[in-house]
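Participant: Following this message is one structure expressed as structure tokens.
The values are calculated or read from the model by the stated rules, or taken from the named source; none is laboratory data. Keep in mind the model is a prediction, meaning the values are calculated, not measured. Areas reflect the complete protein model, heavy atoms only, side chains present, ligands, DNA and RNA absent. Shrake-Rupley method; radii C 1.70, N 1.55, O 1.52, S 1.80 Å.
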Amino acid sequence: TPTRRSFIALFLQSFLPTIGVLALMVGGYFYVQYLDQLEKTKTYEISKTDLGHRAIEQFVQRITADVRILAESVNLQRLLNNPSVQSTADLAQEFESFSRYKAIYDQIRYFDVTGMEVVRVNYAEGRALIVPQEGLQNKSGRYYFKDVFRLQRGQLYISPLDLNIEDNVIQMPYKPMIRVGTPVFDQDGRKRGIVLVNYLANEILQRFDLLTSSAEAQAF
């Protein structure tokens with residue numbers, strides 16, 4: 001009826017603007033809440049990532065300190081200045097003890113200037129093993145040997161994270177590695193090779209994942 005239609009029209013004219021304003025207010029409130037939560041989440045995730053970054057830095061500092069110790073070894077200097085079967089065996093024994101004590105390095109190696117492994121110790125299943133001469137390999141073609149050998153005294157090389165390769169084949173199961181090395185010099189200042197460690201990166205990856213993971217996301 002005309003009266004009913006007039007009442008509806010009057011109602012709409014009176015209350016629609018109010019409803020519209022209320023809708024905008026409610027929408028604005030929830031939008032502000034959304035932005036606030038987004039900022040809190042962003043701050044939280046940045047904080048978690050920073051923790052992971054600092055944990056990696058601490059691990060790397062420990063590894064670089066170990067490499068410096070190995071490079072300054074008295075037994076290594078004896079081998080560099082007076083190569084012999086005995087000096088080689090003494091260095092191998094020192095690397096074996098170091099590997100067994102640390103229990104975090106898949107390999108500890110000394111290479112000569114040709115890229116040939118002179119001393120190599122493998123760590124597996126809780127045991128450090130000196131690799132016999134017939135098991136030593138030439139790694140002159142590998143990027144890490146070239147990158148370390150070109151450095152100057154006191155400089156350190158830290159590789160990208162990659163997988164270990166033996167006899168030109170990727171090892172299975174996968175072994176994520178970080179290689180850290182430095183060149184070594186004899187008493188006359190001649191560059192005589194490099195010292196290199198293969199750090200088993202599973203621990204650092206797990207630590208980073210633990211520190212950076214949250215209910216919302218995971219690093220890995």
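Participant: Classify region 78-145 from the C-alpha gyration tensor, please: rounded if a/c falls under 1.5, else prolate or oblate depending on whether a/b exceeds b/c.
Facilitator: Judged from the Cα gyration tensor, region 78-145 comes out oblate (a/c at least 1.5, b/c at or above a/b).
Participant: Protein chains only, probe 1.4 Å: how do 78, 109 rank by accessible area, largest first?
Facilitator: Sorted by accessible area, descending: 78, 109.
Participant: Using the C-alpha gyration tensor of region 74-195, what are the square roots of 5 times its eigenvalues, in whole angstrom, with the largest one first? Could you put the intermediate results ahead of the total?
Facilitator: Numbers: eigenvalues 97, 65, 34 Å².
For region 74-195, the ellipsoid semi-axes come out as 22, 18, 13 Å.
Participant: Contour minus end-to-end for residue 82 and residue 62, with contour as 0.36 nm per residue of separation and end-to-end as the Cα-Cα distance?
Facilitator: Additional length available on full extension: 4.2 nm.
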